[in-house]
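Asker: Dropping the structure in here first, questions after.
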Amino acid sequence: MARDSDPSAEPEPADPRAAADRTIARQALITGVGLVSCLGEGLDAHWEGLDGFAATGPVVDTTSFPPFPVHPITALEFDRQIPKRGDQRQMEAWQRIGTYAAGVALEAAGIKGNADLLGRMDMIVAAGGGERDYAVDAAILAGLPKADDPGAFLNEHLLSDLRPTLFLAQLSNLLAGNISIVHGVVGSSRTFMGEESSGADAVRIACARIAAGQGDLFLVGGSYNAQRPDTLLHYAMGGKLWKGAPTPVWARQDAGGGMTLGSMGCFLVIESRSHAAARGATPLAHVAAIATDRCRRRPGEAAAVADRQLATLAGQYDAARTAVISGASGVADPTTEERAVLERLGLPVRATGSAIGHGMEPSFLANLAIAAGAVARGRLFAPLELAEAAMEGPLAQALVTGWGHWRGESIALVAAA
């Protein structure tokens, strides 16, 4: 039976020091990074590629899909992270890239092969659909104009020509399934779809669950294969791709804009500070804040969203020791609008799409990883083009932006751990 209580009595005040200690214990730390792109594998390779970009120039393929340049994935020894050839064969390229990157992240965090930790690890994956059967697509497109009943023709061939196994291989949650099978991550699993926003929301949900005490250890990431004719056709039909010689992100705006796609995979191990300390993990950085939103993208709407997000970060970073890692795609309108917002901030900016391309779902994750690596080193890498200013002083924090090419505005504050 409940004890009698005085309804007029004031509740006993909480201990502010205990509350502060709990907040610190539930901070979300990045303790492992698995990043692969055209610049190579791991944070060191990406630092070298970004810091030396002015001298080396982009790693880009201009001959496979003319007139569209593409940043290809670096050569990977898949056997290192996916030892069974049978597993490799049943995965499409985007799944192999993602499963490989997940293994690198687990290895970097000191978790790979630890059945106890893997059994308690939750996973959130950002992924799109799989590849298409190009021969079937070509046959349908050729036959549709000649068909007496185009609708019936399309339904008949979609039902009879597409293999059920091909359709199943396209499912985005198969990436999470393959990671579970290959690496033994067997906690809860979620898969988000929605291009750039899905990667940002995957991180946001992981950090929110850690803060709420709903989990301590997360594997969060995604992958993208840009070296696909169907993907390039899709974005080319929407007028979103950059054509011609490789050009840095900000410089493209003078010629109408457009994105250069890049193959990449990025997974992060994110865990609570108390969990990382208990197992003796060395954190790279702290995800101090993250926000995601979207709008209809009428003129000025995306900037208004970004301004509201930035307002929530007021007082949380030191402008003298902060830089921006921008995920600007290069598509004209959103990139121009984002640049105007960033110019008002007055911080040094780096648009990494100039070096690694735009990778849709994992783009925000890749930039979080790059920001964590830069903050851990205590300095920003050199400018990637003339429009970017050098940063002379030390780097302690980084704002990571993720404006989608069509929808979605995201921002995160990454701080020294």
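Asker: Using C-alpha positions alone, give me the convex hull volume of segment 362-401 per residue in cubic angstrom.
Answerer: 73 Å³
Asker: Sticking with this structure for a sec: With viscosity set to 1.002 mPa s at 20 °C, what whole-number translational diffusion coefficient in µm²/s follows for segment 262-398 from Stokes-Einstein and a Kirkwood radius over Cα pairs?
Answerer: 132 µm²/s
Asker: Given axes a ≥ b ≥ c from the Cα gyration tensor, I'd like to know whether segment 155-290 is rounded (a/c under 1.5), prolate (a/b larger than b/c) or oblate.
Answerer: oblate
Asker: Provide Rg and Dmax in Å for segment 14-109, with only Cα atoms included in the calculation.
Answerer: Every Cα atom of segment 14-109 included, Rg and Dmax give 19.3, 65 Å.
Asker: Using modelled backbone amide H atoms (1.01 Å from N, in-plane), which distant-in-sequence or interchain residues come within less than 5 Å of Thr191's amide H?
Answerer: Val125
Asker: Sorted from largest down, what three extents in whole angstroms do the Cα atoms of segment 339-417 have along their principal axes?
Answerer: Result, largest extent first: 35, 28, 22 Å.
Asker: Right, here's the next one. Kindly write out, for segment 217-222 in residue order, the coupling ³J(HN,Hα) from the Karplus curve 6.51 cos²θ - 1.76 cosθ + 1.60 (θ = phi - 60°), rounded to whole Hz, with x marking Gly and Pro.
Answerer: 3J(HN,Hα) across segment 217-222, in whole Hz: 9, 10, 10, 10, x, x.
Asker: Then there's this: Which three extents, in angstrom, do the Cα atoms of segment 237-343 have along their principal axes, listed largest first?
Answerer: Result, largest extent first: 52, 32, 29 Å.
Asker: A further question follows. Got a sec to turn the phi values of segment 404-410 into Karplus ³J(HN,Hα) couplings, 6.51 cos²θ - 1.76 cosθ + 1.60 with θ = phi - 60°, whole Hz, x for Gly and Pro?
Answerer: Each residue's phi maps through the Karplus curve to give x, 5, 9, 8, x, 10, 9 Hz.
Asker: Hey, another quick one. Sorting Ile181, Ile124, Ile290 on the 10 Å Cβ count, fewest up front, what's the list?
Answerer: Ascending Cβ contact count within 10 Å gives the list Ile181, Ile290, Ile124.
Asker: Determine, for each peptide in 361-373, 393-405, the mean count of other beta carbons within 10 angstrom over its residues, then list the peptides with the highest first.
Answerer: Per-residue Cβ counts within 10 Å, averaged per peptide and sorted highest first, yield 361-373, 393-405.
Asker: Taking neighbour counts of Cβ atoms within 10 Å as a proxy for exposure, in what order, fewest first, do Ile179, Ile140, Ile30 appear?
Answerer: Ranked by crowding around the Cβ, least crowded first: Ile140, Ile179, Ile30.
Asker: Please list the three semi-axes, largest first and in whole Å, of the ellipsoid equivalent to segment 89-199, using sqrt of 5 times the eigenvalues of its alpha carbon gyration tensor.
Answerer: 38, 12, 11
Asker: Can you list residues from other chains, or at least 5 along the same chain, whose modelled amide H is less than 5 Å from the amide H of Met259?
Answerer: Long-range HN contacts for Met259: Leu241, Trp242, Val331.
Asker: Separate question: Please list, or write none, the lysines whose alpha carbon is within less than 18 Å of the alpha carbon of Lys84, excluding same-chain residues fewer than 8 places away.
Answerer: Filter leaves Lys112.
Asker: Okay, next question. By the gyration tensor of its Cα atoms, with a ≥ b ≥ c the square roots of the eigenvalues, what is the shape of segment 344-383: rounded for a/c under 1.5, prolate for a/b over b/c, or oblate?
Answerer: Because a/c hits 1.5 or more and a/b fails to exceed b/c, segment 344-383 counts as oblate.
Asker: Quick check for me: using +1 on Lys/Arg Cβ and -1 on Asp/Glu Cβ, what's the dipole size of segment 66-185 about its Cα centre, in debye to the nearest 20?
Answerer: Computed about the Cα centre, the dipole is about 420 debye.
Asker: In addition: Quick one: Karplus J couplings for segment 67-79, per residue in order, coefficients 6.51, -1.76, 1.60, θ = phi - 60°, nearest Hz, x for Gly and Pro?
Answerer: Values, residue by residue: x, 9, x, 9, 8, x, 5, 5, 5, 10, 8, 4, 4 Hz.
Asker: Kirkwood Rh over alpha-carbon pairs of the chain, then Stokes-Einstein at 20 °C and 1.002 mPa s: what D in µm² s⁻¹, rounded to an integer?
Answerer: Value of D from the Cα-based Kirkwood radius: 96 µm²/s.
Asker: Counting other beta carbons within 10 Å of each residue's own, what order do Cys295, Cys266 fall into, fewest first?
Answerer: Cys295, Cys266
Asker: What is the helix-to-structure angle for 16-25, meaning the angle in degrees between its Cα long axis and the longest Cα principal axis of the chain, kept from 0 to 90 and rounded to the nearest 10?
Answerer: The answer is roughly 30 degrees.
Asker: Before anything else, pin down the relative contact order of the chain: Cα pairs under 8 Å, at least 6 apart, normalised by residue count, whole percent.
Answerer: Relative contact order for the chain comes out at 24 percent.
The numbers here are math on the coordinates, done by the rules we state, and not lab data. In this text the structure is predicted, and so the values were computed from the model without any measurement. Positions of Cβ are backbone-derived with ideal geometry, glycine not excepted, and every protein chain shown enters the neighbour counts.
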